[in-house]
Amino acid sequence: MPLRGVAQQLAMQAELLSCGFDGNTVVFGLRVPIETWRTPGNVDKLTAALCERFGRTVRVETELGAVWYTASAEAQAHRAAASAPPRTPSPTIPSSTA
C-alpha cells in the first residue's frame, strides 16, 4: 500500500481485531499501541489506501491498547524463518534389547 510515515506505522504496528461489513462498507477494527497514530489524518490515509487496494468503501475503527500480533511481527517472524539454517533430523539411536 502506498503509505509513508506515521500512517505506515499505523498499518504495520496495529493489530487487526475484526473485519466485517456494515452494509456495503468494509469495517476494519484495529488495536493501536500509540495514541498519536490514531489521529484522524493517519486513520484517513490508511482508510484511503485500503479503499484503493480493495476497490470498496472502507471504514477503519481504532482502539488504544497493547498489541500482540501485527503485520510487523509477522514480517519479522517470516524473515527469521527464512534466514535460519535448515533443520537436520536428529540421528536415531537404536534401542538396546538386553
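Of all the helices (runs of 4 or more DSSP H) wholly in the chain, which have at least 3 residues that are loosely packed, with under 12 Cβ neighbours inside 10 Å, of a type in the set (A, V, I, L, M) and touching a Pro at 6+ places or on another chain (Cβ under 7 Å)?
Of the helices (runs of 4 or more DSSP H) lying wholly inside the chain, none has at least 3 residues that are loosely packed, with under 12 Cβ neighbours inside 10 Å, of a type in the set (A, V, I, L, M) and touching a Pro at 6+ places or on another chain (Cβ under 7 Å).
So ASP44 fits all but one of (1) under 17 Å from the mean Cα position of the chain (by Cα); (2) without any contact (Cβ under 8 Å) to a residue 24 or more places away in the chain; what number is the exception?
(1)
Could you please tell me which pairs satisfy a Cβ distance under 8 Å, a separation of 6+ or placement on different chains, a first residue in the stretch 58-69 that is closer than 15 Å to PHE28 by Cα, and a second residue that is among the aromatic types (Phe, Trp, Tyr)?
Close Cβ pairs (under 8 Å, with a partner that is among the aromatic types (Phe, Trp, Tyr)) amount to VAL58/PHE28; ARG59/PHE28; VAL60/PHE28; GLU61/PHE28.
Between a residue in the stretch 75-98 that is modelled with pLDDT of 70 or more and any residue that is surrounded by 10 or more Cβ atoms within 10 Å (Cβ to Cβ) and not hydroxyl-bearing (Ser, Thr, Tyr), which pairs come within a Cβ distance under 8 Å, given they are 6 or more apart or on different chains?
Pairs that qualify, where the first residue is modelled with pLDDT of 70 or more and the partner is surrounded by 10 or more Cβ atoms within 10 Å (Cβ to Cβ) and not hydroxyl-bearing (Ser, Thr, Tyr), are ALA75/MET12.
The values are calculated or read from the model by the stated rules, or taken from the named source; none is laboratory data. Small disclaimer: the values here were computed from a predicted structure and weren't measured. Note that we place each Cβ from the backbone using ideal geometry, even for glycine, and neighbour counts take in every protein chain shown.
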